[in-house]
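The values are calculated or read from the model by the stated rules, or taken from the named source; none is laboratory data. These numbers come from a predicted model, not from an experiment. Cβ placement follows ideal geometry from the backbone for every residue including glycine, while neighbour counts extend to all protein chains displayed. Areas reflect the complete protein model, heavy atoms only, side chains present, ligands, DNA and RNA absent. Shrake-Rupley method; radii C 1.70, N 1.55, O 1.52, S 1.80 Å.
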Amino acid sequence: MTARTPSRRTVLGGLVATALTAPVPAFAGAGVPRIVALDWVSAASLAALGVMPVATPELPRYAQIVVEPALAPGVQELGLRAEPNLERIARLRPDAILTDGELAPLEARLGRIAPVHRFQPHAFDGRDQIAAGMAALDGLGHALGLEGRVNDYLARARAALDGAARLPEIDRRPAYVISLIDGRRCLVFTPNGLFQAVLDRLGIANAWTGTGSAFGHLTVTLDQLAARPEARLINIGHVPLVRAALAMRQPVLSSLPAIRAGRVTLLPEVLFYGGIPAALRFLHLLTDALRAEHTP
């Protein structure tokens, strides 16, 4: 039997899956530091490198909203992100503590437990979010002695992103990227956000050209999504809500040109400020969905 040559689709899927699948997760030993992550982005980034945080806040919500990289069962709960359990952190005796800077008033107390490192891969100065996320990961690797793991992960991430740019079989029409709130409103993701950086790699223009928050989103009424009638609608998260709204033919939603034409792509949750792991998750979900729609 003649062996088949892998298609570009298969190769890209493998690249993205490989980038999303970190090395065997390690908690400690063999030079791996014990790290407490006080925010989800830090926790996800560590897990992507194959280094499980020993603890992080709001684990059930992480599993629902961040989803992947999944955290191992041994990761301990720290309570609320805004009010982590300092006594538990001290008992864990970590080698380092990661924070996104939102807990600045607590950093002096945390510093008496272990060295505190700020990790913020989201750029607020107009830089490309993927480039900013990679630079932040590189800095994290140097700070924590994880350079080898970071270099390997970023090489896989670059390969996945470069491969996506060459995909021939996806619809590259402009797209509104949204998250439905109710039958009249949604979050629309704006050009300064993480999702835009992925769209840029795919050659897909953002149909929404206005500005938004520093994290790249804005609450708008659904009728504003009719300005580009040729555009696709990509909804992230709340899939049961969206399916129910479509089934009930809610007036404003049903009137949108993308809905009438069937140009709707529903994706599960992706953390819109989640750095490189979230960018790769969005890339993987979106390209899989667009390729599936393209297949007869």
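Select from region 176-194 the residues that are open to solvent by less than 10 Å² (accessible area, probe 1.4 Å) and within 18 Å of Ala131 (Cα to Cα) and list them in ascending order. Let's see the steps before the verdict.
Residues of region 176-194 open to solvent by less than 10 Å² (accessible area, probe 1.4 Å): 176-178, 180, 186, 188, 190, 193-194.
Listed by number, the residues that qualify are Thr190, Gly193, Leu194.
Is there any pair with a first residue in region 250-268 that is in contact (Cβ under 8 Å) with a residue 24 or more places away in the chain and over 14 Å from Leu225 (Cα atoms) and a second that is aromatic (Phe, Trp, Tyr) and open to solvent by less than 30 Å² (accessible area, probe 1.4 Å) whose Cβ atoms are under 9 Å apart and which are 6 or more apart or on different chains, and what are they?
That search, which allows pairs on different chains as well, returns Leu267/Phe282.
Which count do you get for residues in region 105-117 that are surrounded by 12 or more Cβ atoms within 10 Å (Cβ to Cβ) and over 24 Å from the mean Cα position of the chain (by Cα)? Spell out the reasoning first.
Taking region 105-117 as the starting set, the residues that turn out to be surrounded by 12 or more Cβ atoms within 10 Å (Cβ to Cβ) are 106-107, 109-110, 113-117.
From the residues that got through so far, the ones that are over 24 Å from the mean Cα position of the chain (by Cα) too are 106-107, 109-110, 113-115.
Result for region 105-117: 7.
I'd like the residue in region 238-251 that is surrounded by 14 or more Cβ atoms within 10 Å (Cβ to Cβ) and either over 29 Å from the mean Cα position of the chain (by Cα) or of a type in the set (Gly, Ala, Ser) (or both) and, out of all such residues, is farthest from Phe272 (Cα to Cα).
This residue is Gln250.
Only one of Leu80, Leu98 is at negative phi, open to solvent by less than 40 Å² (accessible area, probe 1.4 Å) and not acidic (Asp, Glu). Can you tell me which?
Leu98 is the lone residue from the list that is at negative phi, open to solvent by less than 40 Å² (accessible area, probe 1.4 Å) and not acidic (Asp, Glu).
Ala135 - would you say it is within 21 Å of the chain's Cα centre (by Cα) and outside any loop (DSSP other than H, G, I, E, B)?
So Ala135 passes the test.
Sort through Leu140, Leu199 and tell me the only one that's assigned to a helix (DSSP H, G or I), crowded, with 18+ Cβ neighbours inside 10 Å and free of Cβ contacts under 8 Å to residues at least 40 places away in the same chain.
Details: Leu140 fails: free of Cβ contacts under 8 Å to residues at least 40 places away in the same chain.
Step by step, each of Leu140, Leu199 is checked, and only Leu199 is assigned to a helix (DSSP H, G or I), crowded, with 18+ Cβ neighbours inside 10 Å and free of Cβ contacts under 8 Å to residues at least 40 places away in the same chain.
If you check Ala90 against the conditions, is it surrounded by 13 or more Cβ atoms within 10 Å (Cβ to Cβ), among the hydrophobic types (A, V, I, L, M, F, W, C) and touching a residue at least 24 places away in the same chain (Cβ under 8 Å)?
Here the answer is no, as Ala90 does not meet what is asked.
Of all residues in region 91-126, which are assigned to a loop (DSSP other than H, G, I, E, B) and either touching a strand residue (DSSP E or B) at 6+ places or on another chain (Cβ under 8 Å) or among the aromatic types (Phe, Trp, Tyr) (or both)?
Listed by number, the residues that qualify are Pro94, Asp95, Asp100, Gly101, Leu103, Ile113, Ala114, Pro115, Phe119, Phe124.
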